[in-house]
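**Q** Below is the structure I would like to discuss, written out as structure tokens.
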Amino acid sequence: MATYYPPVGFHFRVDFEGIPSGSDIGFQSVSGLNASVPNSETYEEGGENRFTHRLPKRASFENLVLKRGMLVGSELISWFKDALENLKFKPRNITVSLLNEEHEVLQAWQFYNAWPTKWNIDSFDAEKASVVAETIEFSYQFFRRVN
């Protein structure tokens, strides 16, 4: 009987539709893979006085947040700049893939019609020897877990 080990969270890849894979797939962290149904509506049924029906409304999704060492001159940066500086938004699908030790996809999540909403560059500090990191947030319509 084989022993199951949960996958590790440090071996992953991020792909952007329409942007060739290369240095733009190397991110330090990914967060925001959260969905919920936070709201419901109540319905009172005539003749039923013991309870009211609670019906779910649409799902809600948090922003996708990606963090990496600052990269200069990539196609991804051009997309961000065009959206944030020129207000030319061109939504793209983003795929986050969790990989195994053979670099094969264990599980993937696809984010549909994503567009950049925030771009943050870490502060510079002469007293710390650290890499300058950038954090990019994306809004999107919805995401789906892909097998």
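**Q** Rounded, prolate or oblate, given the Cα gyration tensor of the stretch 24-147, with a/c below 1.5 counting as rounded?
**A** Verdict is prolate for the stretch 24-147.
**Q** Also, I was wondering about something else. I want to check the label-to-label distance for Ser36 and Asn113. Put each point 7 Å from Cα in the C-beta direction and report it in nm to one decimal.
**A** About 2.4 nm separates the two model spin labels.
**Q** Using 0.36 nm times the number of residues separating Thr3 and Lys88, minus their current alpha carbon distance, what extension gain do you get?
**A** 25.6 nm
**Q** Follow-up question, since we're still on this one. Calculate the dipole size of the chain relative to its Cα centre from +1 charges on Lys and Arg beta carbons and -1 charges on Asp and Glu beta carbons; express the result in debye to the nearest 20.
**A** Dipole about the Cα centre, nearest 20: 280 debye.
**Q** Can I ask one more? For the stretch 21-76 and the stretch 80-147, what is the separation of their Cα centres, given in Å?
**A** Using only Cα atoms, the two centres lie 15 Å from each other.
**Q** How do Tyr4, Tyr112 rank when sorted from fewest to most other Cβ atoms within 10 Å of their own Cβ?
**A** Listed from fewest to most nearby Cβ atoms, that is Tyr4, Tyr112.
**Q** Student exercise: in the chain, how many lysine pairs 8 or more apart or on different chains have Cα atoms under 30 Å apart?
**A** Eligible lysine pairs with Cα atoms under 30 Å apart amount to 13.
**Q** Could I ask something else about it? Would you kindly state how much longer the chain becomes between Gln28 and Met70 on full extension, computed as 0.36 nm times their sequence separation minus their alpha carbon distance, in nm to one decimal?
**A** Additional length available on full extension: 14.1 nm.
**Q** Expressed in nm to one decimal, what extension gain is obtained for the pair Lys128 and Glu101 from 0.36 nm per residue of sequence separation less their Cα-Cα distance?
**A** Result: 6.4 nm gained on full extension.
**Q** Here is a follow-up. In degrees from 0 to 90, rounded to the nearest 10, what is the angle of the helix 75-86 Cα long axis to the longest principal axis of the chain?
**A** Around 70 degrees separate the two axes.
We did not get these values from a lab; they are worked out from the coordinates using the rules stated. Just so we're clear, the structure is a prediction, and the values are computed from it rather than from any experiment. Note: ideal-geometry Cβ built from the backbone for every residue, glycine included; neighbour counts use all protein chains shown.
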